[in-house]
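Okay, structure first, notes after.
The values are calculated or read from the model by the stated rules, or taken from the named source; none is laboratory data. For clarity, every value in this text was computed on a predicted model and none was experimentally measured. Note that each Cβ is placed from the backbone with ideal geometry, even for glycine, and that neighbours are counted across all protein chains shown. Please note that ligands, DNA and RNA were not included when accessible areas were found on the heavy atoms of the full protein model with its side chains. Shrake-Rupley method; radii C 1.70, N 1.55, O 1.52, S 1.80 Å.
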Amino acid sequence: MKRVKQVNKYISFISSESYNLIGLSIVRVAIGIVSLIMLVANFQTRYDLWSDSIFNSTFLNFNHTTFDIFYSLIVISLIVYILGFESIVFNVFIYISMYFLYNLNNYILDGGNNILLIILFYMIFTKNAQYFSIYKGKNNSQFRNSIHNIFLFLILFQVCVLYFFAGFAKARGDFWYSGVAPYYVFQIKTFTMGWIDNIIEPFIKSPLILLIISYSAIFMQMLFPILIFNKITKVLVVIGSITFHLSIIAVMGLVTFGMIMIALDLLFINDQQFIKLKKFITKRRESFLNQKSNYI
């Protein structure tokens, strides 16, 4: 009898409502912007990047005109995706289109495309246009809620797996134990932004700072799956992870990968916490404006 009650409790939890709608909407916007940036940035060289793979395909008969129509359709669809249009069919089209383009040219891959395509597939089955959107789906049935929550869990699980094995891979490398790995990264100009050279020089000359960077990355990533589900440590982990990826964007220039990972970090914040955060920011803003007006 006790087990039956527990099962009913879990079923009710999964099917009663859809969770993390704000976070999923943020992920949708981030994926849409990253994908749109990729297409717009490669617009001038689109024939060079995709002509051989598409035009010589055995199952497609593309020419420049049809490819331009196809390319433009994807760009328009991504704009609509960013603005928010909740439709499974539309989400499927976005996924297939991006999978098609990424897998036909390996030269545009930057590592972020792997997690992007995995998450984009899971997003098909979620209600990711409930916020920041022009059209919100109204299907709130228990079945729809259950499907949404199952694939939300799969996304969260995927992120945890990604972080753990990223940290585990670092932990197995001698360079990370000694702090040498960050030093080499900062020394390779291909992986660092030019403007950061003078700023970062004092850091790469300090063995202690390099060691702190190494061990922080290892422990944060390996312990992420545990710490992120604790109410006390969640805030610290999210802030730390976002800071880590902002640093990657600033130092290494991996903008698309960093944007996706920051959005996925924010997905671990539930709707109630986002609402509380908004109220806190609004209250602080009003207090600041009142103090400023009184001072004037």
Would you check which residues across region 206-224 are crowded, with 18+ Cβ neighbours inside 10 Å and either touching a residue at least 60 places away in the same chain (Cβ under 8 Å) or more than 20 Å from Val159 (Cα to Cα) (or both) and list them?
Leu210, Ile213, Ser214, Phe224
Hits in region 238-251 - residues which are more than 21 Å from Leu156 (Cβ to Cβ), open to solvent by less than 50 Å² (accessible area, probe 1.4 Å) and either among the small types (Gly, Ala, Ser) or touching an Asp or Glu at 6+ places or on another chain (Cβ under 7 Å) (or both)
Ala250
Within region 53-129, which helices (runs of 4 or more DSSP H) (wholly inside it) include 2 or more residues that are closer than 26 Å to Asn145 by Cβ and modelled with pLDDT under 90?
88-103
Here the qualifying pairs (Cβ atoms under 9 Å; residues six or more apart or on different chains; first in region 268-281 and open to solvent by 70 Å² or more (accessible area, probe 1.4 Å); second assigned to a loop (DSSP other than H, G, I, E, B)) come out as Leu277/Ile269
Given the condition within 26 Å of Phe186 (Cβ to Cβ), outside any helix (DSSP H, G or I) and not aromatic (Phe, Trp, Tyr), answer yes or no: does some residue in region 247-260 qualify?
yes
Which numbered condition Leu254 misses (of (1) open to solvent by less than 30 Å² (accessible area, probe 1.4 Å); (2) in contact (Cβ under 8 Å) with a residue 40 or more places away in the chain)
(1)
Residues in region 1-11: is at least one surrounded by fewer than 17 Cβ atoms within 10 Å (Cβ to Cβ), modelled with pLDDT of 80 or more, charged (D, E, K, R) and over 19 Å from the mean Cα position of the chain (by Cα)?
no
Given the conditions (1) within 22 Å of Val92 (Cβ to Cβ); (2) among the hydrophobic types (A, V, I, L, M, F, W, C); (3) buried (at least 16 other Cβ atoms within 10 Å of the Cβ), every one holds for Phe132 apart from (3)
